[in-house]
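Below: one structure, written as structure tokens.
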Amino acid sequence: EDQVTQSPEALRLQEGESSSLNCSYTVSGLRGLFWYRQDPGKGPEFLFTLYSAGEEKEKERLKATLTKKESFLHITAPKPEDSATYLCAVQPDSNYQLIWGAGTKLIIKP
Amino acid sequence: DVKVTQSSRYLVKRTGEKVFLECVQDMDHENMFWYRQDPGLGLRLIYFSYDVKMKEKGDIPEGYSVSREKKERFSLILESASTNQTSMYLCASRTGGGSYEQYFGPGTRLTVT
């Protein structure tokens, strides 16, 4: 069964304290892995697409990496405005639907 | 930039009412999706459309229907609203080939009383 698991469920960091969020997946063929940011009461905002193991993408303080079984979202020297829920999703070969993780709620304290 | 808009940010309806939620995208995307998002349950797909007048059921289609008469517009219909349909409703779109990322609208917070 296709599945996506994100950890931890919640992460509290001090401003400037770097860390990583994890997204592990089991799918029958991977067309793409996606990271989104979601602020409370708003729709998810697309961040990155990763297609193959070894690929990396960066945007400001965020860097996403991909292996054959998991992806990491590294946050370097975070600021309070990085506080949000980060969602991971995968696109299997088999159909149109994305398989979504439950998200990691990130809180950055000033 | 991709823009997906939804007809309302907040909506309050009574039990039994027929509810229409509309979504419009301006990027000529072939595929469109309706999700609902509830605390602890994450994003769940209700219906999607891969082309005009084409639709497929997602994971939780019961109590919902959809309409896609034009490429840019995808409507979600609650035939007879119930309190368990109180939720955040999110519309998304994506291109039909190549990249698979979905772009989301701002969401509609629907409350059924």
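What to note about this one:
- Every condition in (1) within 26 Å of A:Cys88 (Cα to Cα); (2) modelled with pLDDT under 95; (3) not hydrophobic (A, V, I, L, M, F, W, C) is met by B:Thr86 except one, and the failing one is (2).
- Within segment A:8-19, tally of residues that are surrounded by 14 or more Cβ atoms within 10 Å (Cβ to Cβ) and either within 10 Å of the chain's Cα centre (by Cα) or hydroxyl-bearing (Ser, Thr, Tyr) (or both): 1
- For A:Tyr36, the test of being within 9 Å of chain B (Cβ to nearest Cβ) and open to solvent by less than 30 Å² (accessible area, probe 1.4 Å) is passed.
- Counted residues, segment B:90-106 - those being more than 17 Å from A:Gly43 (Cα to Cα) and either buried (at least 23 other Cβ atoms within 10 Å of the Cβ) or touching a Cys at 6+ places or on another chain (Cβ under 7 Å) (or both): 0
- Those residues of segment B:69-89 which are surrounded by 13 or more Cβ atoms within 10 Å (Cβ to Cβ) and more than 23 Å from B:Lys13 (Cα to Cα), in sequence order: B:Lys71, B:Glu72
- A:Gln91, sole failed condition from (1) open to solvent by 20 Å² or more (accessible area, probe 1.4 Å); (2) within 14 Å of chain B (Cβ to nearest Cβ): (1)
- Residue-level check: of (1) farther than 18 Å from A:Asn95 by Cβ; (2) without any contact (Cβ under 8 Å) to a residue 12 or more places away in the chain; (3) part of a strand (DSSP E or B), B:Gly40 misses just (3).
- Residue in segment B:98-113 that is nearest to the other protein chains (Cβ to nearest Cβ), counting only those that are touching a residue at least 60 places away in the same chain (Cβ under 8 Å) and more than 13 Å from B:Leu21 (Cα to Cα): B:Phe104
Rundown of residues vs (1) assigned to a loop (DSSP other than H, G, I, E, B); (2) in contact (Cβ under 8 Å) with a residue 60 or more places away in the chain; (3) buried (at least 17 other Cβ atoms within 10 Å of the Cβ), yes/no style:
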residue: A:Ser28; (1), (2), (3): yes, yes, no
residue: A:Arg31; (1), (2), (3): no, yes, no
residue: A:Ser52; (1), (2), (3): yes, no, no
residue: A:Lys63; (1), (2), (3): no, no, no
residue: A:Ala77; (1), (2), (3): yes, yes, no
residue: A:Asn95; (1), (2), (3): yes, no, no
residue: A:Ala102; (1), (2), (3): yes, yes, yes
residue: A:Ile107; (1), (2), (3): no, yes, no
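The values are calculated or read from the model by the stated rules, or taken from the named source; none is laboratory data. Note that the coordinates shown come from a computational prediction; the quantities given were computed from them, not determined experimentally. We place every Cβ from the backbone using ideal geometry, glycine too, and count neighbours over all the protein chains shown. When the accessible area is computed, the model is the full protein with side chains, heavy atoms only, and any ligands, DNA or RNA have been set aside. Shrake-Rupley method; radii C 1.70, N 1.55, O 1.52, S 1.80 Å.
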